[in-house]
Amino acid sequence: MDRAVKSLSLVLSYPTRELQAAMPEIGGVLAADSRLTAAARRDLRPLVAHLQAGDIYDLEEQYVMIFDRSRTLSLNLFEHVHGESRDRGGAMVSLLETYRAGGFEPATAELPDHLPVLLEFLSSRPLAEAQEILADAAHILVALEERLTRRESPYAAVFAALVQLSGAQADGAAVAELLQQPDTDPTDLEALDEVWEETEVRFGPDPNAGCPAGREMLARMDLPNTAPPSHAAE
């Protein structure tokens, strides 16, 4: 298991009290990974500390405001590649087949291209395979890092770390194309619901029976006393 990739998948997951309790060990894993530069490890520390010590309700609200309000910050990677074209559905099915061929069955209501889910899968794959897939997404990761940096969000450090782990140089033209997309947010929750309701797509388990991806990943992280109880999906 690549514990650094697993740890980053957890850091990007919806905050829970169980995740908070695991943060000291998650932070230790990231601080010890020599594949990351000293600067990258240093930049991750404020986020880890914030997730560990922050008020859980504030953390939940911040997460939703960052990753769910704007499509340009979506953690669903195919949103950035295919938008709402027909190709998105085919790519989603292909990715799900890749998971199953690798013996991985996502136990979450999230879509297969949700980045924390993808990272959990990659944490169980050979290093070369994981790097190749991360390299394919490098331009998306760099664009997300740039957008989060503009917002002064500590989550930007996670995407910088993922690019380093990929060992790839993102295509500058592809990054620029993504950054040209308008970075505008709905002004209220009702408008936000309308935006996502128009294009909601579901794959895999019944979403009403699911939970945030972090719950299942924590259960397989082999961290002491961190297996969270069942709760409804947000």
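The values are calculated or read from the model by the stated rules, or taken from the named source; none is laboratory data. Given the structure is predicted, the values throughout are model-derived calculations rather than measurements. Cβ sites come from the backbone with ideal geometry, for glycine too, and all protein chains shown count toward neighbours.
A few notes on this one:
- Just one of the listed residues (144, 118, 96) is touching a residue at least 24 places away in the same chain (Cβ under 8 Å), under 21 Å from residue 62 (Cβ atoms) and assigned to a helix (DSSP H, G or I), namely 144.
- Scanning segment 1-15 for residues that are in a helix (DSSP H, G or I) and of a type outside the set (Gly, Ala, Ser) yields 3, 5, 6, 8, 10, 11.
- Residue 42 being buried (at least 16 other Cβ atoms within 10 Å of the Cβ) and either polar (S, T, N, Q) or out of contact with any strand residue (DSSP E or B) (no Cβ under 7 Å at 6 or more places or on another chain) (or both): no
- Being out of contact with any Pro (no Cβ under 9 Å at 6 or more places or on another chain) and farther than 22 Å from residue 178 by Cα holds for only one residue in 109, 143, 135, 130, and it is 130.
- Lone unmet requirement of (1) touching a helix residue (DSSP H, G or I) at 6+ places or on another chain (Cβ under 8 Å); (2) of a type in the set (Ser, Thr, Tyr); (3) at pLDDT 95 or above for residue 72: (3)
- Residues located in segment 93-139, provided they are at pLDDT 90 or above, aliphatic (A, V, I, L, M) and touching a strand residue (DSSP E or B) at 6+ places or on another chain (Cβ under 9 Å): 115
- Only one of 122, 96 that is of a type in the set (A, V, I, L, M) and surrounded by 19 or more Cβ atoms within 10 Å (Cβ to Cβ): 122
- The set of residues in segment 121-141 that are touching a residue at least 12 places away in the same chain (Cβ under 8 Å) and part of a helix (DSSP H, G or I) comprises 121, 122, 127, 130, 131, 133, 134, 135, 138, 139, 140, 141.
- Scanning segment 16-57 for residues being touching a residue at least 60 places away in the same chain (Cβ under 8 Å) and not in a helix (DSSP H, G or I) gives a total of 4.
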